[in-house]
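Here's the structure, in structure tokens; my notes come after.
The values are calculated or read from the model by the stated rules, or taken from the named source; none is laboratory data. Values in this document were obtained by computation on a predicted structure and should not be read as measured data. Reconstructed Cβ throughout: ideal geometry from the backbone, glycine too, with neighbour counts over all protein chains shown.
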Amino acid sequence: MARPSAVYPMAVEIVGLGVDICEIGRMERALTRHPTMRERVFTAEERAYCDGRARPAESYAGRFAAREAVIKAFGGYRGKRWQDISVTRSPSGAPAIRLEGNAKIRADMLGIDRVLITFTHERTNAVAFAVAVADRAVADR
């Protein structure tokens, strides 16, 4: 468990880690072959963001890898629905994970308060890394 500071009297417990890689070309082919994939897998917010980018498949691949990384950080769960895990943006512009449905139920069951996410992409691949954490208040000493 991380050591709390005097300014921030919370400790963070890492409950799970997950990483995933998604080939951008494969995502591009999937989006072309399956026209409904965007609507089935990604939320309206994600579609608006990705479709507004110069290389939409790159952004979709990053978000797909993020979903898979979160599932791994949770140790998997039953009743997966693609849109139960989505990437949103915090006020600072940093990516953040939104949980709903069975993903939220699984997170609550594991005591997960939030999921930290980072992802990157380059010419051929997108990679995401998720850290599921539980915030713990520290008792006064």
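Data table
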quantity: Test result for residue 43, over 21 Å from residue 17 (Cα atoms), among the polar types (S, T, N, Q) and modelled with pLDDT of 95 or more; calculated: yes
quantity: Subset tally (residues that are aliphatic (A, V, I, L, M), surrounded by fewer than 19 Cβ atoms within 10 Å (Cβ to Cβ) and either within 24 Å of residue 54 (Cβ to Cβ) or touching a Pro at 6+ places or on another chain (Cβ under 9 Å) (or both)) for the range 113-129; calculated: 1
quantity: Within the range 72-98, tally of residues that are in a helix (DSSP H, G or I) and either in contact with a strand residue (DSSP E or B) (Cβ under 9 Å, 6 or more places away or on another chain) or over 24 Å from residue 21 (Cβ atoms) (or both); calculated: 3
quantity: Long-range neighbours under 6 Å by Cβ, at least six apart or interchain, first residue aliphatic (A, V, I, L, M) within the range 78-97, second part of a strand (DSSP E or B); calculated: 87/95; 96/88; 97/115; 97/117
quantity: Output for the range 99-112, where each listed residue is free of Cβ contacts under 8 Å to residues at least 40 places away in the same chain and either part of a helix (DSSP H, G or I) or buried (at least 16 other Cβ atoms within 10 Å of the Cβ) (or both); calculated: 99, 101, 102, 103, 104, 105, 106, 107, 108, 109
